[in-house]
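Read-outs throughout are calculated quantities, based only on the coordinates presented, and are distinct from any laboratory measurement. The shown structure was predicted, so the numbers you read here are calculated from the model rather than taken from an experiment. Positions of Cβ are generated from backbone atoms using ideal geometry, with glycine treated the same way; all protein chains shown enter the neighbour counts.
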Amino acid sequence: MKKLALFLCAVALTIGVSQAQSFNFGIKGGVTLNSLSYDQEAGLQAEANPGFNVGAFFRLYIGEKFYLQPEVAYSFGKFNFDVNVKDVIDGTITENAKQSFEASKQGVSIPVLFGYRVLNLKVANLRVFAGPEFMISTGNFEDLTADMQAIGQKFDASAFGVSGMAGIGVDALMLSLDLRYAYPFTNNFVIGGEETNFKGWVVSLAWKIF
């Protein structure tokens, strides 16, 4: 899957370079406002905290309206969850007993966005965009996995994930403001046997160096 992500990025760059009339390169940073998707009837309670991301982008314009925008960013966020305590031998749930944990979701995010300029003025423009996001996890969950096993529960984190992104952006001079929504296509975590996914909003501000 990692090779697939790199291949798609290379294809996007090749197509863009061959057809682009102009381009932008810049740095960006933003805030992630995530929520966790899981089966609430399974005894799991989880909540995501606001996170951040910082990275760079390369926008390749194709004609007057279309563009490709590969990005690479470091993303970090924390989340809390409560799970039932189970007997490690027979798996029975200890009555009214729950254990609280805190974990982090961090890694390298590689979106490949396809965009369209709805409004194109000399000093500002309005854009819409969508595309896949590839996520390579850099988190270490060995201690958390061991702590979960000690209460008869399971924790597992995916090393690679894919999400879909869609959003709207505004450019003004050398600044670029984006609002996008990300929805996972693959599972991020398995907590207590329940598949748990991050989804939510990303607000970012970018500076176009050139």
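Values for this structure:
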| item | result |
| --- | --- |
| Sorted peptide list for 47-58, 71-82, criterion being average Cβ within 10 angstrom, highest first | 71-82, 47-58 |
| Estimated vicinal HN-Hα couplings, Hz - the range 119-130 in sequence order (Karplus 6.51, -1.76, 1.60; Gly, Pro = x) | 10, 10, 10, 5, 10, 7, 8, 10, 10, 10, 7, 7 |
| For the range 107-118, 3J(HN,Hα) per residue [Karplus equation, 6.51 cos²θ - 1.76 cosθ + 1.60, θ = phi - 60°, Hz, x = Gly/Pro] | x, 9, 9, 10, x, 10, 9, 10, x, 9, 7, 6 |
| Rough spin-label spacing in nm, given labels placed 7 Å along Cα→Cβ, for Y74 and L179 | 2.9 nm |
| Proximal lysines to K208, defined as alpha-carbon separation beneath 24 angstrom and excluding residues fewer than eight positions away on the same chain | K28, K65, K122 |
